[in-house]
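Enquirer: Sharing a structure with you now.
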Amino acid sequence: MGEFFDARETRSADARDAELAGLLPAVVAAASRAPAQAARLAGIDPASVTGRGALARIPVLRKADLPAAQKAAPPFGGFVAAAPGSFGRLFLSPGPIFEGEARKPDPWHLASAFFAAGFRAGDVALNTFAYHLTPGGWMMDHGLQAIGCAVIPAGPGNTDAQLDLIEAYRPAGYTGTPDFLKILLDAAEKAGRDARSIRRALVSGAAFPPSLQAEVKARGIDAFQMYGTADLGCVAYETPARDGRVVAEQVIVEIVRPGTGDPVPDGEIGEVVVTVPDPAHPILRLALGDLSAVLPGVSACGRTNTRIVGWRGRADQTAKVKGMFVRPEQVAEIAQRHPGVGRLRLVVTRDGEQDAMTLCAEAAASDGLLDALAASLQAVTRLRGAVEVVPPGSLPNDGKVIADERPVG
């Protein structure tokens, strides 16, 4: 295998784009065979979707909208043409959201993430993600099997039994949440059990703050983070360079302005939108609700795909103001009405005992703009608010278009 699991990890950007150009038309055509996808793709010729620019014409599908759609048209909401019987496994994740697992090796494309984290053929790995109903355990299992690891399907909990397994099988690797890794290590130390065989870990599913990273490292474990979801598997993963998350070769990641499907410039925080260009089970522009940003350049580890920063919060910034819901897409609509304006940020506060909001707009000059923006704010949200024009580049680059600064409680 050498230094990389997949030769595609080090290919040129031109080679990556050429593959997409050849693959995307068939993927879009396959997606259009599902009724709900056909409605999304109305007026779009699959043959014209040959790159990221053309892909951005497809409306985003919000992950938050899937439960209602699947309830109305079970099991997949009309977004999947394949019948349930064509999948290898069928899952139910929190939401609830129904997912199918493809019948192929490493269907959730986790092998590269494990390889980058130091897992190798012949290693024994302890998998503490759940195997019941949700796909987490199986996702990791497939990735480990693709490398050639022996997997202990431990699942979560049962700490004493886990320690028995660790002492018997001496796993070199751990996968699960970082929290449960600490629980295991603490339990082993308290009980005088030997968990020192674990020397590497791929963690996901929970925050891994610097304090916990330092504690795990101090115990001799090299731990890496993976960003993924139950809908599509691995999105991006950490490498030995520790310089962001490298996007998995099997997916396309866009960062868009929250409330829209419009890509933002590299470096600007926005919502993560993912496409899986798999003709057998295409996923087109699924907006995950997470915030991140594209990092410039390529990783020092030699992998050449796009890098993103870690998780930076949630994109769903809907706020209830004076009894009315105000949504990010409404702020985006105001921006469309004023193309000369840069970033917008709606700040929600309290003025005495009443809700108040101020629309902050980046612009070089404010002549006539204050009244125009105030009129648009009222027309779109049906609420009055103040307007403040600020210099270009002065608003925080944190992905927020609605900042709710009201005190809690």
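Enquirer: Just checking, does segment 66-84 include any residue being under 20 Å from the mean Cα position of the chain (by Cα), under 27 Å from Arg103 (Cα atoms), exposed (fewer than 14 other Cβ atoms within 10 Å of the Cβ) and modelled with pLDDT under 95?
Expert: No, segment 66-84 has no match at all.
Enquirer: A further question follows. Among the listed residues Arg103, Arg89, Arg57, Arg52, which satisfies the condition of being in the same structural domain as Ala130 (by TED's automatic domain parsing) and touching a residue at least 60 places away in the same chain (Cβ under 8 Å)?
Expert: Arg52
Enquirer: Within segment 182-194, is even one residue closer than 30 Å to Val253 by Cβ, in the same structural domain as Glu167 (by TED's automatic domain parsing) and out of contact with any Pro (no Cβ under 8 Å at 6 or more places or on another chain)?
Expert: Checked segment 182-194: at least one residue is closer than 30 Å to Val253 by Cβ, in the same structural domain as Glu167 (by TED's automatic domain parsing) and out of contact with any Pro (no Cβ under 8 Å at 6 or more places or on another chain).
Enquirer: Moving on. Can we say Glu238 is under 30 Å from Ala280 (Cα atoms), of a type in the set (Asp, Glu) and assigned by TED's automatic domain parsing to the domain that holds Val27?
Expert: In short, yes.
Enquirer: Of all residues in segment 1-54, how many are touching a Leu at 6+ places or on another chain (Cβ under 9 Å) and of a type in the set (S, T, N, Q)?
Expert: Residues that pass the stated criteria total 3.
Enquirer: What residue, among those in segment 261-319 that are under 22 Å from Ala29 (Cβ atoms), among the β-branched types (Val, Ile, Thr) and in contact with a Ser or Thr (Cβ under 9 Å, 6 or more places away or on another chain), is surrounded by the fewest Cβ atoms within 10 Å (Cβ to Cβ)?
Expert: This residue is Ile283.
Enquirer: Please specify each residue of segment 6-56 satisfying the condition of being in contact with a Ser or Thr (Cβ under 9 Å, 6 or more places away or on another chain) and at positive phi.
Expert: None - no residue of segment 6-56 is in contact with a Ser or Thr (Cβ under 9 Å, 6 or more places away or on another chain) and at positive phi, so the list stays empty.
Enquirer: Within segment 153-192, take every residue that is within 17 Å of Val124 (Cβ to Cβ) and of a type in the set (D, E, K, R) and give me the one that is nearest to the chain's Cα centre (by Cα).
Expert: Among those residues, the one meeting the criterion is Arg170.
Enquirer: Turning to a different aspect of this structure: Restrict the check to segment 314-333 and report whether at least one residue is over 20 Å from Ala386 (Cβ atoms), touching a Lys or Arg at 6+ places or on another chain (Cβ under 6 Å) and modelled with pLDDT under 90.
Expert: Yes, that holds for at least one residue.
Enquirer: Looking at segment 368-383, is at least one residue assigned to a loop (DSSP other than H, G, I, E, B), under 33 Å from the mean Cα position of the chain (by Cα) and either closer than 14 Å to Arg345 by Cα or modelled with pLDDT of 95 or more (or both)?
Expert: No: zero hits.
Enquirer: May I ask you to verify whether Ala30 is out of contact with any Gly (no Cβ under 7 Å at 6 or more places or on another chain), in contact (Cβ under 8 Å) with a residue 60 or more places away in the chain, surrounded by 18 or more Cβ atoms within 10 Å (Cβ to Cβ) and of a type in the set (Gly, Ala, Ser)?
Expert: The answer is yes for Ala30.
Enquirer: Then there's this: Given the conditions (1) part of a loop (DSSP other than H, G, I, E, B); (2) under 29 Å from Thr318 (Cβ atoms); (3) out of contact with any strand residue (DSSP E or B) (no Cβ under 7 Å at 6 or more places or on another chain), report the number of the one that Phe5 does not fulfil.
Expert: Condition (2) is where Phe5 drops out.
Enquirer: A further question follows. May I ask you to list the residues in segment 263-317 that are among the β-branched types (Val, Ile, Thr) and under 14 Å from Arg62 (Cα atoms)?
Expert: Answer for segment 263-317, where residues must be among the β-branched types (Val, Ile, Thr) and under 14 Å from Arg62 (Cα atoms): Val272, Val273, Val274, Thr275, Ile283.
Enquirer: Right, another one. Exactly one of (1) surrounded by 15 or more Cβ atoms within 10 Å (Cβ to Cβ); (2) modelled with pLDDT under 95; (3) closer than 19 Å to Pro94 by Cβ is unmet by Leu133. Its number?
Expert: (1)
Enquirer: While we're looking at this one, here's another question. Do you know which residues across segment 381-407 are over 30 Å from Ile308 (Cβ atoms), surrounded by fewer than 18 Cβ atoms within 10 Å (Cβ to Cβ) and of a type outside the set (Asp, Glu)?
Expert: Arg382, Leu383, Arg384, Ala386, Val389, Arg406, Pro407
Enquirer: Still on this structure: Please state which of the following conditions Val27 fails to meet, knowing it meets all the rest: (1) of a type in the set (Val, Ile, Thr); (2) touching an Asp or Glu at 6+ places or on another chain (Cβ under 8 Å); (3) over 30 Å from Glu238 (Cα atoms).
Expert: (3)
Per-residue answers, yes or no, for (1) at pLDDT below 95; (2) at positive phi:
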position	(1), (2)
Leu126	no, no
Met140	no, no
Gly148	no, yes
Val151	no, no
Leu165	no, no
Gly173	no, no
Thr177	yes, no
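Enquirer: May I pose another question? Identify all residues within segment 201-218 that are over 20 Å from Met140 (Cα atoms) and either surrounded by fewer than 14 Cβ atoms within 10 Å (Cβ to Cβ) or touching a Leu at 6+ places or on another chain (Cβ under 6 Å) (or both); write none if there are none.
Expert: Scanning segment 201-218 gives Pro209, Pro210, Ser211, Ala214, Lys217, Ala218.
Enquirer: Another question, if that's okay. If Ile198 meets every condition in (1) farther than 26 Å from Thr304 by Cβ; (2) among the hydrophobic types (A, V, I, L, M, F, W, C); (3) surrounded by fewer than 21 Cβ atoms within 10 Å (Cβ to Cβ) apart from one, which number is that one?
Expert: Checking Ile198 against (1) farther than 26 Å from Thr304 by Cβ; (2) among the hydrophobic types (A, V, I, L, M, F, W, C); (3) surrounded by fewer than 21 Cβ atoms within 10 Å (Cβ to Cβ), the one that fails is (3).
Enquirer: Sort out for me the strands (runs of 3 or more DSSP E) sitting completely within segment 277-359 that have 1 or more residues that are without any contact (Cβ under 8 Å) to a residue 24 or more places away in the chain.
Expert: Fully inside segment 277-359 and qualifying: 319-321, 324-326, 344-351.
The values are calculated or read from the model by the stated rules, or taken from the named source; none is laboratory data. Fair warning: this is a prediction, and the values are worked out from it, not measured in the lab. Cβ atoms come from the backbone with ideal geometry, glycine included; neighbour counts cover every protein chain shown.
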